[in-house]
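Each reported figure results from applying straightforward, stated rules to the coordinates on display, with no laboratory input. As the structure is a prediction and not an experimental result, all values here were calculated from the model. Counting neighbours? That spans all protein chains shown, and the Cβs are built from the backbone with ideal geometry, glycine included.
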Amino acid sequence: MAFLQGVKDFLGIGRGKIDIQLKKYSYILGEIVEGTIILSLNKPVDAQGLSIQMICNQITTKWNPQTRHNDELTVSLLDFTQPIDNAKTYPAGNTTYPFQIKIPANILDKPKIPDGFAGTLVRTAEALNHTPVTIQWWLIARLSVKGIDTVKQINILVG
């Protein structure tokens, strides 16, 4: 029985959940995202910390006539993690943690093109004008624990 409990603890089964609530879900470059992380734990949890992460990816889609599928090339434009709380024993129940994280104002000024062969593909596709480019923004709240972290990921619109 102790082994089964150890596996449940490692996997985070029954630990609880984490959620992100925002004042709004649509932003412009340079704006501050304000929100709250809601940690709902079933029992106290020893954790290395609580954080909010902002990710921005540029996804370039190119038709590959050889495979007759679209190939996607993802380039990370931003991957920033902001600590919210330190290592400690997080209490059982619902606890809220307000946060603010700024969207960089100039992140999309110049699209990033990767080096090497992938960059050659992007430049060639741009030259042929067949390069749909999508920009995706994510917020990820993470309670870092031994085993599998408790995580919540949401998409935000930045335009």
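Some points to look at:
- Vicinal HN-Hα couplings computed from phi for region 143-159 (Karplus, 6.51 cos²θ - 1.76 cosθ + 1.60; Hz; Gly/Pro x): 9, 7, 10, 5, x, 9, 4, 8, 9, 9, 10, 10, 9, 10, 9, 10, x
- GLN21 versus SER144: modelled label distance in nm, points set 7 Å from Cα along the beta carbon direction: 2.7
- Estimated dipole of region 12-108 in Debye, rounded to 20 [Cβ of Lys and Arg +1, of Asp and Glu -1, Cα centre]: 200
- Listed pairs LYS88/LYS152; LYS24/LYS62; LYS43/LYS102 exceeding 29 Å between Cα atoms: LYS24/LYS62; LYS43/LYS102
- Exposure proxy ranking, count of Cβ atoms within 10 Å, fewest first, for PHE80, PHE99, PHE117: PHE117, PHE80, PHE99
- For region 28-122: rounded, prolate or oblate by the Cα gyration tensor [a/c cutoff 1.5]: prolate
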